[in-house]
1. For segment A:130-140, just list the computed ³J(HN,Hα) in residue order, Karplus coefficients 6.51, -1.76 and 1.60, θ = phi - 60°, integers in Hz, with x standing in for Gly and Pro.
2. In segment B:184-311, how does Rg compare with the Kirkwood Rh, expressed as the Rg/Rh ratio over alpha carbon atoms?
3. Arrange A:Trp277, A:Trp157 by Cβ neighbour counts within 10 Å, fewest through most, would you?
4. Please give the calculated 222 nm ellipticity per residue for chain B, where each DSSP H segment of at least 4 residues contributes -39500 (n - 2.57) and the sum is spread over every residue; nearest 500 deg cm²/dmol?
5. Which ³J(HN,Hα) values, rounded to whole Hz and listed in residue order, are derived for segment B:130-144 from phi using the Karplus coefficients 6.51, -1.76 and 1.60 in 6.51 cos²θ - 1.76 cosθ + 1.60 with θ = phi - 60°, glycine and proline given as x?
6. To the nearest Å, what is the center-to-center distance of segment A:222-284 and segment A:97-151, using C-alpha atoms only?
7. Mean separation of Cα pairs under 8 Å and 6+ residues apart, divided by the residue count of chain A: what relative contact order is that in percent?
8. Which whole-number percentage describes the relative contact order of segment B:7-162, with Cα contacts under 8 Å and a sequence gap of 6 or more?
Amino acid sequence: MLQPISKTLELKSIQYRRKILTIIKQANSGHTGGSLSAVDILNVLYNHVMNVSPENFQDTNRDRFIQSKGHSVEALYVVLADKGFYPEAALDTLNQYGSHFIGHPTRKVNGIEQNTGALGHGLPIAVGTALAAKKDGRSYRVFTLLGDGELEEGSNWEASMSAAHYGLDNLVVIVDYNGLQITGRVETVTGITNLREKFTAFGYAVREVNGNSIPELIAVFAQLPFEAGKPNLVLAHTTKGKGISFIENQVDWHHHVPTDAEFATAMAELDTAQAAWGASNGTW
Amino acid sequence: MEPGKANLEVFAATLLRLAQADPDILVVTSDSRGSGKLTPFAKALPEQIVEIGIAEQNLVGVSAGLASAGKKVFAVSPACFLTARGLEQIKNDVAYSDNPVKVVGISAGVSYGALGTTHHSLHDLAVLQAINNIDIVVPADNFETQMVIETAVSHPRPLYIRFGKAAMPHLHAPDVHFEIGKAITLATGDDVTFIAIGETVPRAVQASHLLAAQGIAAGVMSMHTLKPLDETAVLHAARHSQAIITVEEHSVYGGLGSTVAALLMQNRLSLPFKIVGIPDEYTVTGSQNEIFAHYGITGEGLADTAQQLLAAPVKVGM
Ligand SMILES: Cc1ncc(C[n+]2csc(CCOP(=O)(O)OP(=O)(O)O)c2C)c(N)n1
Ligand SMILES: [Mg+2]
């Protein structure tokens, strides 16, 4: 039997996927594949794991989330709206002239910790933030989400050395391990493989999960910190474009926008997924 | 002005044509072949494309090594990452070590308008101008783009080429001469001269048409080469017009405007002068067109600027 929280979150993920596709369609731009890949991770973090909300966002002791793969901002915008950081209607302005809801996260948007979008920046910042918690004797944790293609930036490995050196067991690095970047499969672009071995060698306590499985994500984060004195790394095996059959695992969908027909099919697939949970169709 | 293609497309097509005839031409990319319209190149000449992955520092370093061994290397990546992330490699491995890499910054300026400041390159001309031994060319239209790519192959020094992805109108007569370091005059007029660079040039041309209708004669120059600057052309314009307006898709600090201003001052030329570019503030987002309109980089905006500049009394002293 699934825990009730699991079902609530499963239904939220379906709603989030609807909303992600809706705002991308409306803006006629956005990072579809990576947002659908990451949204279950954001869902579990924001709704079950992290101590952060609009009420405590100014509180020094809040948990922090830094989305290093900034291009998947639509997933973050949708989850933060659901958390009440701003009205959902604000997302209607995505990518429009003068809107703060732009194609990458910025601190102009309530709930966002850091301005990202250039890959390879989130982890060093997260290391610094986690190090400050240690120095101040605070118990907050710092979560950061990286893409697997993003790992090609050397700054990630430089930051990893610092993370292990300072024993940052309050740092949680999540890799959205969907196997794809813009040009093609990550292995064929650069041959970056054996991530578990690499991260272990760099001093992380590593766990692997299905990053699109709500129960598995809940279970893995429940084990934090994985090992005292070591930074935590979750290799989250995901499917880029998860949840929509014709978007899943398709390199071309990195930043494609659905046509009207594709959008309708996608919504129908999400309705079917929702019906399987015994819930009526979404209202978003 | 006849409509043309995106300079990005002309770049990719020209490079493919040249590389088919010369196996020493290599393209080096950082998960950027799609953005660079280089997928056909990769299909046609798989041995002449080197993929580095999302690692712009490595992109520039590897390119320097390839160039040192005699390869004709085009290192292609969005200008924002290439010239910020890869800056130390450009400075030391390319410019200082004198490895003649052709550093190609695509989707430059605010081409990636709504993606925000991480994706804008409004700093690149400033930082690269301050580095010795790298020439800087910002083509305005398809012709200038094709010419700079053709010239680049045998250019003996490090070279930075920067352009956007919007369709650009044709600006030039077919017989016009292109040479790195020589400005191209598009219109002459002794009331005001626009010295413009890159994708802002057609907007200056539009402004000159609007001004002509009001009896104001405006000159327009495409200053495609920022470094080495065509000083003769700038000084000539300053001596033959009442006012100078520079126009660029870059910060108002450290780009074309600052460089022209410094040149004028040091030649004791004082005349009404305005730098039009992106001001030093949190940059507004939207499409490239919307951002240009926001900052007055349109035919109308530039014509207004010219009229205000010509109308304002010249202040001497305090
Ligand atoms: C420094 C930098 N270089 C290049 C890019 C352009 N870019 C945006 S997303 C992306 C691919 C990212 O792939 P991955 O990290 O695997 O993300 P995902 O598959 O989750 O979308 C690239 C190259 C960038 N944003 N930043
Ligand atoms: Mg990926």
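Any read-out appearing in this document is the output of simple, stated calculations on the displayed coordinates, not a laboratory observation. Since the model is a prediction, treat every value here as computed from it, not as a measurement. Backbone-built Cβ (ideal geometry, glycine too); neighbour counts: all protein chains shown.
1. 5, 5, 4, 4, 4, 5, 8, x, 9, 9, 5
2. Answer for segment B:184-311: 0.94.
3. Numbers: A:Trp277 11, A:Trp157 15.
So the ranking, lowest neighbour count to highest, is A:Trp277, A:Trp157.
4. Numbers: 11 runs with 109 residues, N = 318.
Computed mean residue ellipticity for chain B: -10000 deg cm²/dmol.
5. Per residue, the Karplus-derived 3J(HN,Hα) values read 7, 10, 6, 6, 9, 7, 10, 10, 10, x, 8, 10, 4, 4, 4 Hz.
6. Cα centres, segment A:222-284 to segment A:97-151: 22 Å.
7. On the way: 535 pairs, mean separation 65.1, N = 284.
Relative contact order, chain A: 23 percent.
8. Details: 288 pairs, mean separation 38.1, N = 156.
Computed value for segment B:7-162: 24 percent relative contact order.
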